[in-house]
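Q: Dropping a structure here in structure tokens format, bear with me for questions.
The values are calculated or read from the model by the stated rules, or taken from the named source; none is laboratory data. Not measured: the values here are computed from a predicted model. With ideal geometry, Cβ positions are generated from the backbone for all residues, glycine too; neighbour counts draw on all protein chains shown.
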Amino acid sequence: MSVIMTLWTRGDPEKLEQYASENQEQLHSILERAKEHGLIAHRFYGTDGQIMVVDEWPDAESFQRFFDSVQDEVAPIMAAAGAQDDPGINFWRRLETHDAYGWD
């Protein structure tokens with residue numbers, strides 16, 4: 001069963017969007033390597049002073065291998081977004097609660 005990975009940090013969502021707009025090729029290159037490592041789904045989200053990445057991966061190890069391989073490329077992106085902390089990374093497994101809706 002796949003896992004959901006969340007990565008959270010304090011930062012400026014608008015600055016991240018601006019950087020992404022100006023550096024689309026760089027972000028697409030990172031995305032392609034993530035897919036090579038098994039990425040299933042990926043999105044950035046933002047709110048006042050906070051940035052979150054939500055990914056779906058086959059397992060936590062697949063994400064970690066990918067993330068370790070792109071640290072040097074991700075760091076400038078986060079710096080451009082004004083990230084103020086080391087990211088908080090969590091892995092979530094789907095719970096069987098018999099009331100799931102959507103995504104299947």
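Q: Collect the residues in the stretch 47-73 that are more than 12 Å from the chain's Cα centre (by Cα) and either outside any helix (DSSP H, G or I) or small (Gly, Ala, Ser) (or both), keeping them in residue-number order.
A: Residues satisfying the conditions are Thr47, Asp48, Gly49, Gln50, Pro58, Asp59, Ala60, Ser62, Ser69.
Q: Are any residues in the stretch 23-64 within 15 Å of Ile77 (Cα to Cα) and β-branched (Val, Ile, Thr), and if so, which ones?
A: Ile30, Ile51, Val53
Q: Moving to a separate point now. Output the number of residues of the stretch 60-73 satisfying the condition of being surrounded by 14 or more Cβ atoms within 10 Å (Cβ to Cβ) and acidic (Asp, Glu).
A: The number of residues fulfilling the criteria is 0.
Q: Okay, next question. What number of residues in the stretch 1-24 are under 23 Å from Gln64 (Cα atoms) and not in a helix (DSSP H, G or I)?
A: Total meeting the criteria: 11.
Q: For the stretch 1-48, what are the residues that are exposed (fewer than 13 other Cβ atoms within 10 Å of the Cβ) and among the aliphatic types (A, V, I, L, M)?
A: Met1, Leu31, Ala41
Q: I'd like to verify a number: residues in the stretch 44-78 that are in contact with a Gly (Cβ under 9 Å, 6 or more places away or on another chain) and of a type in the set (Gly, Ala, Ser), how many?
A: The number of residues fulfilling the criteria is 3.
Q: One residue is enough: does the stretch 25-40 have a residue meeting the conditions without any contact (Cβ under 8 Å) to a residue 12 or more places away in the chain, among the aliphatic types (A, V, I, L, M) and in a helix (DSSP H, G or I)?
A: yes
Q: Quick check on Ala41: is it among the aliphatic types (A, V, I, L, M), at pLDDT 95 or above, under 14 Å from the mean Cα position of the chain (by Cα) and under 25 Å from Trp103 (Cα atoms)?
A: Considered against the rule, which asks whether it is among the aliphatic types (A, V, I, L, M), at pLDDT 95 or above, under 14 Å from the mean Cα position of the chain (by Cα) and under 25 Å from Trp103 (Cα atoms), Ala41 comes out as yes.
Q: Related question: Of the conditions (1) under 18 Å from Arg93 (Cα atoms); (2) touching a residue at least 60 places away in the same chain (Cβ under 8 Å), Leu16 satisfies every one except a single condition; which number is it?
A: For Leu16, the exception is condition (1).
Q: Among the residues in the stretch 15-37, are any among the β-branched types (Val, Ile, Thr) and closer than 18 Å to Ala83 by Cα?
A: For the stretch 15-37, residues among the β-branched types (Val, Ile, Thr) and closer than 18 Å to Ala83 by Cα: absent.
Q: Can you tell me which residues in the stretch 74-93 are surrounded by 14 or more Cβ atoms within 10 Å (Cβ to Cβ), over 13 Å from the mean Cα position of the chain (by Cα) and in a helix (DSSP H, G or I)?
A: Ala80
Q: Restricting to the stretch 26-48, name every residue that is of a type outside the set (Lys, Arg) and under 19 Å from Asn90 (Cβ atoms).
A: Those that are of a type outside the set (Lys, Arg) and under 19 Å from Asn90 (Cβ atoms): Ala34, His37, Gly38, Leu39, Ile40, Ala41, His42, Phe44, Tyr45, Gly46, Thr47.
Q: Please find, among Ala100, Ala34, Ala60, Ala41, the residue that is closer than 23 Å to Ser2 by Cβ and in contact with an Asp or Glu (Cβ under 6 Å, 6 or more places away or on another chain).
A: Testing whether each residue is closer than 23 Å to Ser2 by Cβ and in contact with an Asp or Glu (Cβ under 6 Å, 6 or more places away or on another chain) leaves just Ala41.
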